[in-house]
Every structure is written in structure tokens, then in C-alpha cells.
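**Q** First the structure, which I've put down as C-alpha cells, then a few questions once you've had a look.
The values are calculated or read from the model by the stated rules, or taken from the named source; none is laboratory data. This one's a predicted model, so the numbers in the text were calculated from it and none came from an experiment. Neighbour counts run over all protein chains shown; Cβ positions are idealised from the backbone, glycine included.
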Amino acid sequence: MKWSQTELFEHLKAVVLELGATYKEHRFKTSPVSVKSGLCKVHGDLFFIMDSRKRIGEKNRILGSALGRMGIETLEMPDPVRDFIQGCSLHP
């Protein structure tokens, strides 16, 4: 089954939520501090912050790469989502 980039994105966000993280998008503006999309922990809570200006394919790659470094082996997800995450882990 071939999914659109948007469908894959929704599945990847669902995995983020299943890990107990909060997903948020913000416009990262130019600042003296370098800001990147990714997973972070704030006061013990897990957040995935994404630059809203990124294209959907780039968002998927960023999510897939981050999820590939997490303990997702026991989580339920469709095989194509797991395959995508594993592929991102092999080719960061």
C-alpha cells in the first residue's frame, strides 16, 4: 500500500504521541541561538518540536530519524511506518 506524505506524517505523529511526547509546530525565526526540529525534554516532559516552515517530506524524515533512536520496538504501528523509521535510521 502506497501512502501519501501526509498520511505517513499522521502515522509518525501518532507514534510520537504513543511514546508519551507532545508534538508541537512553531515557526523558528532567525535568532542568535541555533534552533533545530527534534525531540527534547522539558521539566521531565517529552516534546517533539518541529519548524512549521519545513515541507512535509522533510518533516517525515526528521520524525523518522528521531523515532529510529527511540525504543519503539514494542509499539504497535503499520509495517510501512516501521519500515520508514528503520530506513531513516539507516540513512540519517
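**Q** Within region 56-73, is even one residue in a helix (DSSP H, G or I), surrounded by 10 or more Cβ atoms within 10 Å (Cβ to Cβ) and among the polar types (S, T, N, Q)?
**A** Yes - at least one qualifying residue is present in region 56-73.
**Q** Return yes when Val81 is exposed (fewer than 15 other Cβ atoms within 10 Å of the Cβ) and of a type outside the set (Ser, Thr, Tyr) and no when it is not.
**A** no
**Q** Just give me the residues in region 20-45 being modelled with pLDDT of 90 or more, in a strand (DSSP E or B) and within 18 Å of Gly68 (Cβ to Cβ), in sequence order.
**A** Scanning region 20-45 gives a single hit, Tyr23.
**Q** Shifting gears a bit: Among the residues of region 74-92, which ones are of a type in the set (A, V, I, L, M, F, W, C), under 18 Å from Trp3 (Cα atoms) and assigned to a helix (DSSP H, G or I)?
**A** Result: Val81, Phe84, Ile85, Cys88.
**Q** Specify which of the listed residues (Lys24, Lys59) is within 22 Å of Gly87 (Cβ to Cβ) and touching a strand residue (DSSP E or B) at 6+ places or on another chain (Cβ under 9 Å).
**A** Details: Lys24 fails: within 22 Å of Gly87 (Cβ to Cβ).
Every option except Lys59 fails the conditions.
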